[in-house]
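Bear in mind these aren't lab numbers, they're just calculated from the coordinates by the rules spelled out. All values derive from a computational prediction rather than experimental measurement. For neighbour counting, all protein chains shown are included, and Cβ atoms are generated from backbone atoms with ideal geometry for every residue, glycine included.
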Amino acid sequence: MQRLFKLIGITLFVTACSSGVETRIHSSGTGPLSAQTYHIAMAEGASADVRRAYVLVQDALSAQGFAPADDAAILLQITVDSRDAALALGTTGPQNLSAAKGRKPLQNCADKEFRLGLTMTRIADGAEIYRSRVAEYHCKMPLSDAMPSMVDAAVADLGKPRGSYLIRRNAVE
């Protein structure tokens, strides 16, 4: 019986750290996009994480037939942020932008919420043709390690936005 309790305790300890990652995605836009050129809007002095996101997004868009150009018809904007997941982001209205996340049982570190935003706007008239927001909670994984999966999720709906949905993958939080 004592072995059973030890086995259960070890199992709970291990599963508290490796329960998988949930990627929350919201995409919207006007519909199908044919491969085009885009212009990147990156602020001077952007952080290393933002610069890495731009490289990863450029690679993902190139794989879909898009190419960067100074005289492009589309403006690409990328946002990256990390915050303590115990803090809620709210508005003055009834809706929260992002609710606070509580700790899991036996969790020994504080969660961070990583968020990636990708917006494509038609330069000629300012129409937003694609928007994707991706968010994940992580306890131990740094933002730089989470970024490739988040970028893949952000560009997956390009040209065919699906609204809000959730993807689960096996990874250490």
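Remarks
- The simple spin-label model puts a point 7 Å past each Cα toward its Cβ; for Asp125 and Tyr165 those points are separated by 2.8 nm.
- Peptides 50-62, 131-143, 71-83 ordered by average Cβ neighbours within 10 Å, highest first: 131-143, 50-62, 71-83
- Backbone N under 16 Å from the His39 label point (7 Å along Cα→Cβ), restricted to the range 49-88: 67-78
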